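Take a look at the structure below.
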Amino acid sequence: MSQQRSILITGCSTGIGYYCAHALKQDGWQVIASCRHSEDVDRLKSEGLQAIQLDVADSDSIFQGLEQALALTDGKLDALFNNGAYGQPGAAEDLTRATLRKQFETNFFGWCELTNAVIKVMLKHNGGRIIHNSSVLGFAAMPFRGAYNASKFALEGMADTMRLELADTDIQLSLIEPGPITSDFRKNALRALESNIDFNESRHGFKYAAAVHRLAKEGPASKFTLGPEAVYKRLTHALNAKRAKPRYYVTFPTYLMGTLKRFLSTRMMDKILGRISS
């Protein structure tokens, strides 16, 4: 009988992380689900998951959380699924240095720090799988999403670099690039928009009013919105395939943008992305 494989997942309180944690547990994995807040950790434990507190925006929390995870898995991790992130809306000109830094601490710096620590563990145990949940906005920029675009573009660049550097090991690294997925992403983005952008001081005030209306709207973000099971399908391939793909597209918008980027000029892409955004 083969030994149960272990995986650490960040951002499991809701949405993609929550779904994937439960689904992987049902598929026989030892899942260590992590959340920023202790009340979410307690909730996941009550649902039968092994859960720990880990805030990717805090270095101490990252290392303490990883230590707890390794204590549960006898010091070994077969996989890491970096998922915990949020989107900071706002025109680039309205983003303060502090707001940008906060976005990168959660979406990029913390993921890199945790990944580096996990790589050291995996090297001791002859390999593993690292999967980053990126976004279509990691390769196709859209207006008023500059902070999130930048953090995901940075993630994709780092992931490509790490994949090259890990080529002489048995560690495989993949990116999942979803478009709209059912989650609390818009609710969290609305909170970030209202907290960090001064509508009254911006020339884009009327556009922010429209953004608030869009983000507060109930239901799917678009007709192309899929459930988290669409991400899970790609995640399981990245975890189980003999050779995981470097990138996994999820949702029609991602496939469309990926195709257009290969064939259209930058000017044409700007026109299309600007029209979609408006």
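Just to check your reading of the model, which residue among Phe153, Phe139 is surrounded by fewer than 20 Cβ atoms within 10 Å (Cβ to Cβ) and closer than 24 Å to Asn196 by Cβ?
Working: Phe139 fails: closer than 24 Å to Asn196 by Cβ.
Of the residues listed, the single one that is surrounded by fewer than 20 Cβ atoms within 10 Å (Cβ to Cβ) and closer than 24 Å to Asn196 by Cβ is Phe153.
Consider only pairs whose beta carbons are under 6 Å apart and that are at least six residues apart or on different chains; among these, list those whose first residue lies in the stretch 105-124 and is within 18 Å of Asn149 (Cβ to Cβ) and whose second residue is of a type in the set (S, T, N, Q) and modelled with pLDDT of 95 or more.
Asn107/Ser151; Phe108/Ser151; Trp111/Asn82
(1) in a helix (DSSP H, G or I); (2) free of Cβ contacts under 8 Å to residues at least 24 places away in the same chain; (3) more than 18 Å from Lys245 (Cβ to Cβ): which one isn't true of Asp168, the others all being true?
Every condition holds for Asp168 apart from (1).
Among the residues in the stretch 177-200, are any under 30 Å from Leu123 (Cα atoms) and either touching a strand residue (DSSP E or B) at 6+ places or on another chain (Cβ under 9 Å) or loosely packed, with under 15 Cβ neighbours inside 10 Å (or both)?
Residues of the stretch 177-200 under 30 Å from Leu123 (Cα atoms): 177-178.
This time we only want the ones that are either touching a strand residue (DSSP E or B) at 6+ places or on another chain (Cβ under 9 Å) or loosely packed, with under 15 Cβ neighbours inside 10 Å (or both), so: 177-178.
So far as the stretch 177-200 goes, yes, one or more of its residues are under 30 Å from Leu123 (Cα atoms) and either touching a strand residue (DSSP E or B) at 6+ places or on another chain (Cβ under 9 Å) or loosely packed, with under 15 Cβ neighbours inside 10 Å (or both).
For the list (1) of a type outside the set (Gly, Ala, Ser); (2) more than 23 Å from Ala57 (Cα to Cα); (3) surrounded by 20 or more Cβ atoms within 10 Å (Cβ to Cβ); (4) modelled with pLDDT of 95 or more, I need the number of the one condition that Tyr148 fails.
Here Tyr148 clears every test but (2).
So, in the stretch 113-160, of the ones that are in a helix (DSSP H, G or I) and β-branched (Val, Ile, Thr), which residue ends up nearest to the chain's Cα centre (by Cα)? Talk me through it step by step, then tell me what you get.
First pass over the stretch 113-160, keeping only residues in a helix (DSSP H, G or I): 113-124, 136-138, 146-160.
Now narrow it down to the ones that are β-branched (Val, Ile, Thr): 115, 118-119, 121, 136.
Numbers: Thr115: 13, Val118: 17, Ile119: 18, Val121: 22, Val136: 11 Å.
Taking the candidates together, the pick is Val136.
Looking only at the stretch 206-228, how many residues end up being part of a helix (DSSP H, G or I) and surrounded by 14 or more Cβ atoms within 10 Å (Cβ to Cβ)?
So the answer is 5.
How many of the residues in the stretch 236-278 are outside any helix (DSSP H, G or I) and either of a type in the set (A, V, I, L, M, F, W, C) or at pLDDT 95 or above (or both)?
Pass one, the stretch 236-278, residues outside any helix (DSSP H, G or I): 241-251, 264-265, 278.
With the extra rule that they be either of a type in the set (A, V, I, L, M, F, W, C) or at pLDDT 95 or above (or both), the set shrinks to 241-251, 264-265.
Number of matching residues: 13.
Scan the stretch 263-275 for residues that are surrounded by 13 or more Cβ atoms within 10 Å (Cβ to Cβ) and either among the hydroxyl-bearing types (Ser, Thr, Tyr) or under 12 Å from Ala140 (Cα atoms) (or both) and jot them down. Give the derivation first.
If we filter the stretch 263-275 for residues that are surrounded by 13 or more Cβ atoms within 10 Å (Cβ to Cβ), which is where we start, we get 264, 269-270, 272-273.
If the condition is that a residue be surrounded by 13 or more Cβ atoms within 10 Å (Cβ to Cβ) and either among the hydroxyl-bearing types (Ser, Thr, Tyr) or under 12 Å from Ala140 (Cα atoms) (or both), then Met269, Asp270, Ile272, Leu273 are the ones that fit.
The values are calculated or read from the model by the stated rules, or taken from the named source; none is laboratory data. Fair warning: this is a prediction, and the values are worked out from it, not measured in the lab. Don't worry about glycine lacking a Cβ; one is built from the backbone with ideal geometry, like all the others, and counts go over all protein chains shown.
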